[in-house]
Amino acid sequence: MGRERTRSDRTLIVRRSRLRGLLIAALALAFFVAAVWFAWHAGSWLERLFAVSMAVFLGLVTVVSTLIALDRNPVLEIDEEGLTDRGSPVRAGRVPWQSIRRIEAKSVGTRRYLVVQVYRPQRFIADLDPERRKAAEELIQRHGTPIVIPWEALDQPLDAVVEQAEALRQSTAT
């Protein structure tokens, strides 16, 4: 109980989609079985080597996809006090509403993103390692903020999340 905050009725929790992870795991498992069968019936050592390497790779994909599907840690939590980000490259953590200008949905090609516009974007990247800092700086140049969450693998509709988040942000501003 010490670590977990009490959640009110207005808390919105967004997690990874189980369906997507399990679908990828099932496809990888099917191809894993096919690769093992092919390795067993291969005619030459080169075919067998290829099939075994594919089986190892697909086995790893199956395990990782299953673990991702079973992971129920929130990617994003939104409540009356602000939001907790665990899905952007910055992984900004707790961001209070006072630091947020607006929350919007953005499409780039066929991909959709949740974009959290903050007042001082540079402060979120000050303590990052060099690789994540470079990614965050590119996001600031492209979107004006380092908190950009890719949305295709999450379990809530993006437009509904943006609507609820903006309503909570505006209710605390008054």
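The values are calculated or read from the model by the stated rules, or taken from the named source; none is laboratory data. For clarity, every value in this text was computed on a predicted model and none was experimentally measured. Here the Cβ positions follow ideal geometry from the backbone for every residue, glycine too, while neighbour counts run over all protein chains shown. When the accessible area is computed, the model is the full protein with side chains, heavy atoms only, and any ligands, DNA or RNA have been set aside. Shrake-Rupley method; radii C 1.70, N 1.55, O 1.52, S 1.80 Å.
Quick notes on this structure:
- Hits in segment 85-116 (condition: of a type in the set (D, E, K, R) and either within 10 Å of V148 (Cβ to Cβ) or not in a loop (DSSP other than H, G, I, E, B) (or both)): D85, R94, R101, R102, E104, K106, R111, R112
- Enumeration of residues in segment 42-73 that are open to solvent by 20 Å² or more (accessible area, probe 1.4 Å) and not in a helix (DSSP H, G or I): G43, S44, D71, R72, N73
- Residue check for G82: touching a helix residue (DSSP H, G or I) at 6+ places or on another chain (Cβ under 9 Å) and either among the aliphatic types (A, V, I, L, M) or without any contact (Cβ under 8 Å) to a residue 24 or more places away in the chain (or both): yes
- Out of R48, R20, R86, sole residue that is at pLDDT below 90 and among the charged types (D, E, K, R): R20
- Criterion violated by S88 - all others in (1) in contact with a Pro (Cβ under 8 Å, 6 or more places away or on another chain); (2) among the polar types (S, T, N, Q); (3) surrounded by fewer than 17 Cβ atoms within 10 Å (Cβ to Cβ) satisfied: (3)
- F32 assigned to a helix (DSSP H, G or I) and either surrounded by fewer than 16 Cβ atoms within 10 Å (Cβ to Cβ) or assigned by the TED database to the domain that holds I147 (or both): no
- The set of residues in segment 116-130 that are at pLDDT 90 or above and surrounded by fewer than 19 Cβ atoms within 10 Å (Cβ to Cβ) comprises Q117, Y119.
- Taken together, the criteria exclude A135 from residues that are free of Cβ contacts under 8 Å to residues at least 24 places away in the same chain, assigned to a helix (DSSP H, G or I) and under 29 Å from L22 (Cβ atoms).
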